[in-house]
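A.B. asks: One structure follows; several queries about it will come next.
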Amino acid sequence: MAVSICAGCGSAEVSRFFRAENVPVFCNVLWPTREEALAAPRAEIDLACCGGCGLIWNTAYDPSLVEYRARYENSLHFSPRFQQYARGLARRLIDGYHLEGARVVEIGCGQGDFLRMLAQEGCRCVGFDPSYAPKAEGRGENAPGMRIVRDYYGPQHAGEAADLVCSRHVLEHIARPLEFLAMVRRSLEPGEDSRGEPGGEASIAGGGVPVFFVEVPNAMATLVDLAVWDVIYEHCCYFTAVSLRELLERAGFEVLRVSEEFDGQFLAAEARPRRGGSVCGPDPAAVEEVMRLCGKFEMSYQEKVSNWRAQLREMSSRDRCAAAWGAGSKGVTFLNVLAPDSSVVETVVDLNPRKQGLFVPGVALQVMAPEELQSTRPDVVVVMNRVYAEEVRAMLSGLGVAAELVVA
Ligand SMILES: [Zn+2]
C-alpha cells in the first residue's frame, strides 16, 4: 500500500508511527507440521495514520502475500461469550430493521456461523467467502434458507438482492477499503442488475431501503487499552469511529449509527445508501485525538512488551510453566513478539477443534484442546483476550486445573 496517500480519503498528510519486522503473514493459518510452522512466511508492518480522516494502515502491506483459502480459520464461534454476542446482534438487527423473512447477503461469512443465526431467525441468506470449507470439523449444518458461495464477493454478485448486507471483520483485511465499500454501495442500487444495467432485480424488499452492517476491530482498543497483540499483518487497515464513518460516507452511505461493541473491542456501523444530500466530513478533533494516540503508541507498545518479557523471565527463573489460552491473532502475536522469552509458555490451547493438533506459525507450538491442561498442569494460564477471562476461569475450574489466570 502506498506510503504517501491515505487509502481512505486521499490526503497526503500521513504520519508513520509504528514498525514491526518479521511478523507472520498469517496468524490464522496454522500448520500441520512443526517444520512448516517454523518456515511460515513473514513480513513487515509499518503503520501510518492519516491526518485527514484518522485511518490507520500498514504501508508495507502486500496483498499478493495474503490469499484467503480453506486453511484460513478465524472462527470465534466456539466461545460461548462470542456466540452470545453474535446471537444478540442478529436479534438486534432483525428487530431494529424489521428483517423477519428478509434477504441477507453476508460478505466474508467464514464458515457461516453468523449467517446460520440469521437463517434460524427466518432470514433467507447467501454468504460469500473464499475460505468456506463445507466439511470443516465442528462446523454446523447449513440452516434451511441458507447457502454459501466459496468466492470473494465482487461486482459479479451484485445481482444478489438483499435487505441486509453484512460484513463482519472483513474490511480491515482489504487494502482498498473505499473502493470495496463503493462497490457494495453500488450493489444496493435498485433497478440495476449485476452488469450495472437498468432492469435487474431491485435490491429492495417492499419499498424498504437496504441496510448495510459492517463490523471491524476497534483500533481504540489497540491504542487506548493497549491491545497491542491485535497489530497483525492480516489487518492492513485499522479503524476508529471517525475513519469508519468518513469512509462509509465517502462511499455513498448515510451512516445511521456507529457503536462500540463486545466490551469496546469491536466497532459496528449501520448505514444505508445515501440519496443525495451532503456530508460534513470527519470531525477534526476526533482525527487529532487518533493522531495523538498514534504518536505515543510505539512507546506504550515497547513498555508493554518489556513488562511481559520481565514477567515471563521471572516465571522461568522460578521454574513455573505457563499455558496460553487462545491460538488466534492475539495468541499467535503474543507468542511470536515475546519469543524467545515466551518459551516458558509450553502449551497453547484453543476451543476451536479445527485448530487443535496444528502448529502456530513462527514459534511452532502445537495447539491442544483445553482438556490437555489436566496433564500439563500449568502454573499460569495467559488468557489472550480479557473478554474471555470469566469463561476461561469457569472452564479451568470445570477441568480441575488450578492455575493463576493472567490477561495478556
Ligand atoms: Zn485519510
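A.B. asks: Out of curiosity, is Met299 open to solvent by 60 Å² or more (accessible area, probe 1.4 Å), aliphatic (A, V, I, L, M) and farther than 15 Å from Val406 by Cβ?
C.D. replies: Judged against the criteria, Met299 is a match.
A.B. asks: Separate question: Among the residues of the range 207-245, write down those that are open to solvent by less than 10 Å² (accessible area, probe 1.4 Å), over 13 Å from the mean Cα position of the chain (by Cα) and within 16 Å of the ligand (Cβ to nearest atom).
C.D. replies: Thr240, Ser243, Leu244, listed by residue number.
A.B. asks: Moving on. Using the structure shown, decide if Leu76 is open to solvent by 60 Å² or more (accessible area, probe 1.4 Å), touching a helix residue (DSSP H, G or I) at 6+ places or on another chain (Cβ under 7 Å) and at pLDDT below 95.
C.D. replies: Here the answer is yes, as Leu76 does meet what is asked.
A.B. asks: Quick one: in the range 330-351, of everything that is surrounded by 24 or more Cβ atoms within 10 Å (Cβ to Cβ) and touching an Asp or Glu at 6+ places or on another chain (Cβ under 8 Å), which residue is nearest to Met384 (Cα to Cα)?
C.D. replies: Selected residue: Gly331.
Conditions tested, residue by residue: (1) farther than 25 Å from Tyr97 by Cβ; (2) part of a helix (DSSP H, G or I); (3) within 13 Å of the ligand (Cβ to nearest atom).
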| site | (1), (2), (3) |
| --- | --- |
| Leu247 | no, yes, yes |
| Ser259 | no, no, no |
| Gly264 | no, no, no |
| Arg275 | no, no, no |
| Leu293 | yes, yes, no |
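A.B. asks: Taking the range 366-391, which residues are touching a helix residue (DSSP H, G or I) at 6+ places or on another chain (Cβ under 8 Å), open to solvent by less than 20 Å² (accessible area, probe 1.4 Å) and not hydrophobic (A, V, I, L, M, F, W, C)?
C.D. replies: Matches in the range 366-391: Pro370, Asn385.
Matching residues to (1) over 24 Å from Ser75 (Cβ atoms); (2) in a loop (DSSP other than H, G, I, E, B); (3) at pLDDT 95 or above:
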residue	(1), (2), (3)
Gly159	yes, yes, no
Ser194	yes, yes, no
Ala205	yes, yes, no
Phe212	no, no, yes
Asp225	no, yes, no
Tyr238	no, no, yes
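A.B. asks: Filter the range 140-150 down to residues that are surrounded by 15 or more Cβ atoms within 10 Å (Cβ to Cβ) and either touching a residue at least 60 places away in the same chain (Cβ under 8 Å) or in contact with a Phe, Trp or Tyr (Cβ under 8 Å, 6 or more places away or on another chain) (or both), then give me how many there are.
C.D. replies: 2
A.B. asks: Does any residue of the range 263-276 turn out to be in contact with a Lys or Arg (Cβ under 9 Å, 6 or more places away or on another chain), farther than 20 Å from Cys49 by Cβ, of a type in the set (Gly, Ala, Ser) and open to solvent by less than 70 Å² (accessible area, probe 1.4 Å)?
C.D. replies: yes
A.B. asks: Can you tell me how many residues in the range 151-167 are buried (at least 21 other Cβ atoms within 10 Å of the Cβ) and within 26 Å of Leu65 (Cβ to Cβ)?
C.D. replies: 2
A.B. asks: Enumerate the strands (runs of 3 or more DSSP E) found wholly within the range 17-124, keeping only those where 1 or more residues are within 16 Å of the ligand (Cβ to nearest atom).
C.D. replies: In the range 17-124, the matching strands (runs of 3 or more DSSP E) lie at 42-50, 56-58.
A.B. asks: List the pairs whose first member sits in the range 172-185 and is closer than 12 Å to Ser243 by Cβ, whose second member is among the basic types (Lys, Arg) and not in a helix (DSSP H, G or I), and whose Cβ atoms are under 7 Å apart, counting only residues at least 6 apart or on separate chains?
C.D. replies: Between residues of the range 172-185 that are closer than 12 Å to Ser243 by Cβ and residues that are among the basic types (Lys, Arg) and not in a helix (DSSP H, G or I), there is no close pair.
A.B. asks: Considering only the range 1-16, state which residues are open to solvent by 70 Å² or more (accessible area, probe 1.4 Å), over 21 Å from Phe297 (Cβ atoms) and either in contact with a helix residue (DSSP H, G or I) (Cβ under 9 Å, 6 or more places away or on another chain) or more than 9 Å from the ligand (Cβ to nearest atom) (or both).
C.D. replies: Within the range 1-16, just Ala12 meets the criteria.
A.B. asks: As an exercise: evaluate Tyr233 against (1) touching a strand residue (DSSP E or B) at 6+ places or on another chain (Cβ under 7 Å); (2) in a loop (DSSP other than H, G, I, E, B); (3) within 25 Å of Ala90 (Cα to Cα) and give the number of the one condition it does not meet.
C.D. replies: (3)
The values are calculated or read from the model by the stated rules, or taken from the named source; none is laboratory data. In this text the structure is predicted, and so the values were computed from the model without any measurement. Neighbour counts run over all protein chains shown; Cβ positions are idealised from the backbone, glycine included. Ligands, DNA and RNA are excluded from the accessible area calculation, which covers all protein heavy atoms including side chains. Shrake-Rupley method; radii C 1.70, N 1.55, O 1.52, S 1.80 Å.
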